[in-house]
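Here's the structure, in structure tokens; my notes come after.
Derivation of every value follows stated rules applied to the coordinates shown; laboratory data play no part. Since the structure is predicted, the reported quantities are computational estimates derived from the model, not experimental observations. Note: ideal-geometry Cβ built from the backbone for every residue, glycine included; neighbour counts use all protein chains shown.
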């Protein structure tokens, strides 16, 4: 009996030591972790190093947070807006700039290209604006300049100096992107919303414009053009968003040579070939360029470039019917005659508005009353489209106005 008892004790001791041995081997050997990977034995310093790793983690988070805050405090690069003013376009151009600055959200840099005799007048008028308005934008005034070859020909193409826009990529070499507008443009919505189209460009697109017309039966290009044009009805270049970095770097297909030409190589041969066939000057040249390079162009809807053609024969801009007018384009001088009183009413409302006054009672309300006097015209019958988005823009102005003490 005693012999069996001794055997039992020996077996128990052996089992205990075997278990301890197996446990130690398991602890110091490779084991599977939750994601299926394998880990070797922890080095002796692993336990001591863990608090340092924990502190490093929080230190890294602190550094990252400081960087984010620093980047957030860094001002966004400004939006760039370009306009060309020649002849009797001083007041019209100032009114366009006023509408752009009044409603925009981000900082705006305006590039004014004007004849030398207008520089002092522009500076005097702009410097007279209130200080809180100057905090929203800055500007540069540039002389009109064309390539030395055929300068006079470029300057008189269609309208005085209008073809200057064709040379902006080579003049403003440090500017990546900009919005070009004719002087007869009125913004009824922040420039920021048009600027956002830049982020919708695919890898090949380098410009965005609106079609010349939405209704082919009354459109000009498909009925009268004697040269190639873009799409079904051509494009209108009065509002043009340009990625100039891409414009400077790509090669354009054309009908003059089998090889692609850069932007500055393309313009003069194009003018020589089509000079006798173009009616609308540089806009026709742009239509020809994008006819052969349609993948370079993004179309935005007509409410971003709303002209008398969209209402003179009845409403034919569906996107304006849905959203209201974002940008008003008073081409053919309608801001200054009595042919389209609805367009003139909007222009005069912006032109006469005093920055120091309440935009609701001094801009929107009087304009709505004036538009009601235009309902005898086709465009006047659509008068609610002229203020639909303007109302939203006016409501947002007061958030940026300085508080009265």
**Message:** I'd like the distance separating the alpha-carbon centroids of segment 311-347 and segment 101-146, in whole Å.
**Reply:** 25
**Prompt:** One-quarter of the Cα convex hull surface for segment 73-304, in nm²?
**Reply:** 13.3
**Request:** Express the relative contact order of segment 73-304 as a whole percentage, based on alpha carbon pairs under 8 Å and six or more residues apart in sequence.
**Result:** 22
**Fill in**
FRET efficiency for residue 279 and residue 76 from the Cβ-Cβ distance with R0 = 30 Å, rounded to 0.05, comes out at 0.15
**Item:** Chain lengthening between residue 391 and residue 361 when straightened (0.36 nm per residue, less Cα-Cα)
**Value:** 9.7 nm
**Asked** So, in Å, what gap is there between the alpha-carbon centers of segment 240-297 and segment 208-230?
**Response** 17
**Item:** Separation in nanometres of the label points that stand 7 Å from Cα toward Cβ, at residue 156 and residue 251
**Value:** 3.6
**Request:** With a Förster radius of 25 Å, plug the Cβ-Cβ distance of residue 295 and residue 106 into 1/(1 + (r/R0)^6) and report the FRET value to the nearest 0.05.
**Result:** 0.30
**Complete:** Relative contact order of segment 264-382 (C-alpha contacts under 8 Å, at least 6 apart) in percent is 20
**Request:** Calculate the translational D of segment 240-338 in whole µm² s⁻¹ from Stokes-Einstein, where the hydrodynamic radius comes from the Kirkwood formula applied to all Cα pairs, the temperature is 37 °C and the viscosity 0.692 mPa s.
**Result:** 206
**Fill in**
With R₀ set to 41 angstrom, the calculated FRET efficiency between the beta-carbons of residue 226 and residue 132, to the nearest 0.05, is 0.20
**Prompt:** Over segment 278-327, what is the mean sequence separation of C-alpha contacts under 8 Å (at least six apart), divided by residue count, expressed as relative contact order in percent?
**Reply:** 32
**Prompt:** How long is the gain from residue 369 to residue 121 if the chain were fully straight, where each residue apart is worth 0.36 nm and the alpha carbon distance is subtracted?
**Reply:** 86.0 nm
**Prompt:** With each label point set 7 Å from Cα along the Cα-Cβ vector, what nm distance links residue 265 and residue 170?
**Reply:** 1.3
